[in-house]
Amino acid sequence: MTPEEVIDLLSTAAAYDRRKVGEADVIAWHAAVKDLDFLDAQDAVIGHYTETTDWLMPAHVRKRVKDIRAARVAFAPVPAPPAELADSPGAYQAAIQDAVAKIARGFALPKQIAAKAEPSQEYAEVRGADHDPVRIEAIRVSCPWPPCKALPGAVCVDADGRRLTAPAHEARLKAAGLVGEEVP
(Lines give C-alpha, C1' and ligand atoms only; values in the text may rest on other atoms or scores of the structure.)
Protein backbone atom coordinates (compact mmCIF):
# COMPACT_ATOMS: atom_id res chain seq x y z
CA MET A 1 0.00 0.00 0.00
CA THR A 2 1.33 3.40 -0.89
CA PRO A 3 1.35 6.39 1.50
CA GLU A 4 -1.42 7.93 -0.64
CA GLU A 5 -3.54 4.82 -0.16
CA VAL A 6 -2.89 5.00 3.59
CA ILE A 7 -4.24 8.57 3.50
CA ASP A 8 -7.37 7.25 1.76
CA LEU A 9 -7.63 4.43 4.31
CA LEU A 10 -7.36 6.85 7.23
CA SER A 11 -9.86 9.17 5.55
CA THR A 12 -12.33 6.27 5.45
CA ALA A 13 -11.74 5.67 9.17
CA ALA A 14 -12.10 9.41 9.87
CA ALA A 15 -15.50 9.38 8.21
CA TYR A 16 -16.60 6.96 10.93
CA ASP A 17 -14.78 8.12 14.05
CA ARG A 18 -13.90 11.77 13.23
CA ARG A 19 -10.21 11.21 13.83
CA LYS A 20 -7.78 13.95 12.82
CA VAL A 21 -5.25 12.59 10.35
CA GLY A 22 -1.81 14.17 10.20
CA GLU A 23 1.49 13.38 8.53
CA ALA A 24 2.72 11.40 11.56
CA ASP A 25 -0.40 9.21 11.44
CA VAL A 26 0.20 8.43 7.78
CA ILE A 27 3.86 7.52 8.42
CA ALA A 28 2.99 5.29 11.39
CA TRP A 29 0.09 3.55 9.67
CA HIS A 30 2.11 3.07 6.48
CA ALA A 31 4.82 1.33 8.48
CA ALA A 32 2.21 -1.00 9.97
CA VAL A 33 0.06 -1.81 6.92
CA LYS A 34 2.19 -1.12 3.83
CA ASP A 35 2.25 -4.81 2.84
CA LEU A 36 -1.56 -5.08 2.70
CA ASP A 37 -3.74 -4.68 -0.36
CA PHE A 38 -5.59 -1.36 -0.23
CA LEU A 39 -9.01 -2.73 -1.20
CA ASP A 40 -8.77 -5.50 1.41
CA ALA A 41 -7.70 -2.94 4.03
CA GLN A 42 -10.57 -0.65 3.10
CA ASP A 43 -13.01 -3.57 3.39
CA ALA A 44 -11.48 -4.29 6.80
CA VAL A 45 -12.04 -0.70 7.97
CA ILE A 46 -15.66 -0.73 6.80
CA GLY A 47 -16.18 -4.15 8.38
CA HIS A 48 -14.69 -2.94 11.65
CA TYR A 49 -17.05 0.03 11.94
CA THR A 50 -19.99 -2.07 10.78
CA GLU A 51 -19.55 -4.37 13.77
CA THR A 52 -18.03 -2.26 16.55
CA THR A 53 -17.60 1.24 17.92
CA ASP A 54 -14.02 0.53 19.06
CA TRP A 55 -11.28 2.93 17.95
CA LEU A 56 -9.57 1.46 14.87
CA MET A 57 -5.91 0.50 15.09
CA PRO A 58 -3.58 -1.09 12.50
CA ALA A 59 -3.83 -4.43 14.32
CA HIS A 60 -7.60 -4.46 13.71
CA VAL A 61 -7.03 -3.90 9.99
CA ARG A 62 -4.32 -6.57 9.80
CA LYS A 63 -6.55 -9.13 11.58
CA ARG A 64 -9.53 -8.44 9.35
CA VAL A 65 -7.45 -8.58 6.17
CA LYS A 66 -6.05 -11.92 7.36
CA ASP A 67 -9.63 -13.15 7.87
CA ILE A 68 -10.70 -11.90 4.42
CA ARG A 69 -7.81 -13.74 2.78
CA ALA A 70 -8.47 -16.92 4.79
CA ALA A 71 -12.12 -16.87 3.72
CA ARG A 72 -11.13 -16.64 0.06
CA VAL A 73 -8.82 -19.62 0.42
CA ALA A 74 -11.43 -21.61 2.36
CA PHE A 75 -14.08 -21.20 -0.33
CA ALA A 76 -11.99 -21.62 -3.47
CA PRO A 77 -10.63 -24.96 -4.61
CA VAL A 78 -6.88 -24.98 -5.10
CA PRO A 79 -6.12 -26.40 -8.52
CA ALA A 80 -3.67 -29.24 -8.84
CA PRO A 81 -0.25 -28.21 -10.15
CA PRO A 82 0.77 -29.34 -13.64
CA ALA A 83 1.49 -33.07 -13.83
CA GLU A 84 5.05 -32.45 -15.02
CA LEU A 85 5.89 -31.04 -11.57
CA ALA A 86 4.98 -34.32 -9.82
CA ASP A 87 8.59 -35.55 -9.90
CA SER A 88 9.89 -32.34 -8.34
CA PRO A 89 8.45 -32.00 -4.82
CA GLY A 90 9.87 -28.50 -4.29
CA ALA A 91 8.43 -27.13 -7.52
CA TYR A 92 5.13 -28.93 -6.89
CA GLN A 93 4.82 -27.39 -3.41
CA ALA A 94 5.82 -23.97 -4.75
CA ALA A 95 3.08 -24.19 -7.40
CA ILE A 96 0.49 -25.00 -4.72
CA GLN A 97 1.70 -22.13 -2.52
CA ASP A 98 1.61 -19.74 -5.47
CA ALA A 99 -1.97 -20.78 -6.29
CA VAL A 100 -3.06 -20.34 -2.64
CA ALA A 101 -1.39 -16.91 -2.51
CA LYS A 102 -3.21 -15.82 -5.69
CA ILE A 103 -6.55 -16.99 -4.30
CA ALA A 104 -5.88 -15.19 -1.00
CA ARG A 105 -5.10 -11.94 -2.86
CA GLY A 106 -8.41 -12.25 -4.69
CA PHE A 107 -7.15 -13.30 -8.09
CA ALA A 108 -9.52 -15.76 -9.70
CA LEU A 109 -7.79 -18.77 -11.09
CA PRO A 110 -8.94 -20.02 -14.48
CA LYS A 111 -11.59 -22.68 -14.24
CA GLN A 112 -11.20 -25.82 -16.24
CA ILE A 113 -14.11 -26.69 -18.49
CA ALA A 114 -14.66 -30.37 -18.85
CA ALA A 115 -15.96 -31.81 -22.07
CA LYS A 116 -19.68 -32.54 -21.91
CA ALA A 117 -20.13 -36.25 -21.44
CA GLU A 118 -23.28 -38.31 -21.52
CA PRO A 119 -24.01 -40.07 -18.24
CA SER A 120 -23.07 -43.72 -18.13
CA GLN A 121 -25.76 -46.38 -18.35
CA GLU A 122 -25.06 -47.28 -14.71
CA TYR A 123 -25.58 -43.64 -13.67
CA ALA A 124 -28.85 -43.43 -15.58
CA GLU A 125 -30.11 -46.64 -13.96
CA VAL A 126 -29.22 -45.45 -10.46
CA ARG A 127 -30.72 -41.98 -10.96
CA GLY A 128 -33.82 -43.45 -12.57
CA ALA A 129 -36.66 -40.95 -12.91
CA ASP A 130 -34.42 -38.03 -11.92
CA HIS A 131 -32.71 -38.43 -15.27
CA ASP A 132 -36.06 -38.25 -17.10
CA PRO A 133 -35.86 -35.32 -19.57
CA VAL A 134 -39.53 -34.46 -18.94
CA ARG A 135 -38.87 -34.20 -15.18
CA ILE A 136 -35.78 -32.09 -15.81
CA GLU A 137 -37.85 -29.64 -17.86
CA ALA A 138 -40.79 -29.69 -15.44
CA ILE A 139 -38.75 -28.82 -12.35
CA ARG A 140 -37.65 -25.56 -13.92
CA VAL A 141 -40.91 -24.07 -12.64
CA SER A 142 -42.70 -24.21 -9.29
CA CYS A 143 -45.42 -26.79 -8.83
CA PRO A 144 -48.81 -25.09 -8.50
CA TRP A 145 -50.52 -28.17 -6.99
CA PRO A 146 -51.43 -27.01 -3.43
CA PRO A 147 -50.29 -30.06 -1.40
CA CYS A 148 -46.91 -30.10 -3.23
CA LYS A 149 -45.82 -26.49 -4.00
CA ALA A 150 -42.31 -27.75 -4.93
CA LEU A 151 -39.93 -24.90 -5.73
CA PRO A 152 -37.94 -24.79 -8.98
CA GLY A 153 -35.24 -27.44 -8.88
CA ALA A 154 -37.11 -29.67 -6.42
CA VAL A 155 -39.04 -32.76 -7.46
CA CYS A 156 -42.75 -33.08 -6.82
CA VAL A 157 -43.98 -34.95 -3.76
CA ASP A 158 -47.32 -36.56 -3.01
CA ALA A 159 -49.66 -35.49 -0.21
CA ASP A 160 -47.61 -37.62 2.24
CA GLY A 161 -44.31 -35.96 1.26
CA ARG A 162 -42.97 -38.91 -0.78
CA ARG A 163 -41.23 -38.28 -4.11
CA LEU A 164 -43.36 -38.91 -7.16
CA THR A 165 -42.33 -41.66 -9.53
CA ALA A 166 -44.03 -39.75 -12.36
CA PRO A 167 -42.06 -36.84 -13.84
CA ALA A 168 -44.25 -34.20 -12.09
CA HIS A 169 -47.81 -33.29 -11.21
CA GLU A 170 -50.08 -32.54 -14.14
CA ALA A 171 -50.42 -28.91 -13.01
CA ARG A 172 -46.62 -28.52 -13.06
CA LEU A 173 -46.33 -30.10 -16.49
CA LYS A 174 -48.92 -27.56 -17.72
CA ALA A 175 -47.08 -24.69 -16.01
CA ALA A 176 -43.86 -25.77 -17.73
CA GLY A 177 -45.64 -25.85 -21.09
CA LEU A 178 -45.02 -29.56 -21.51
CA VAL A 179 -48.68 -30.55 -21.93
CA GLY A 180 -51.82 -28.83 -23.14
CA GLU A 181 -55.13 -28.56 -21.37
CA GLU A 182 -56.02 -32.14 -22.25
CA VAL A 183 -53.55 -34.74 -20.95
CA PRO A 184 -53.79 -38.05 -22.83
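Scanning the stretch 126-135 for residues that are at pLDDT 60 or above, within 21 Å of LYS174 (Cβ to Cβ) and surrounded by 13 or more Cβ atoms within 10 Å (Cβ to Cβ) gives ASP132, VAL134, ARG135.
Given GLU51, GLU84, which one is at pLDDT below 90, farther than 20 Å from ALA101 by Cα and out of contact with any helix residue (DSSP H, G or I) (no Cβ under 6 Å at 6 or more places or on another chain)?
GLU84
In the set (1) modelled with pLDDT under 95; (2) surrounded by fewer than 18 Cβ atoms within 10 Å (Cβ to Cβ), LYS63 fails one condition alone, (1). Residues of the stretch 2-47 that are of a type in the set (Val, Ile, Thr) and assigned to a helix (DSSP H, G or I): VAL6, ILE7, THR12, VAL26, ILE27, VAL33, VAL45, ILE46.
The values are calculated or read from the model by the stated rules, or taken from the named source; none is laboratory data. All of these numbers come straight from a predicted model, not from anything done at the bench. With ideal geometry, Cβ positions are generated from the backbone for all residues, glycine too; neighbour counts draw on all protein chains shown.
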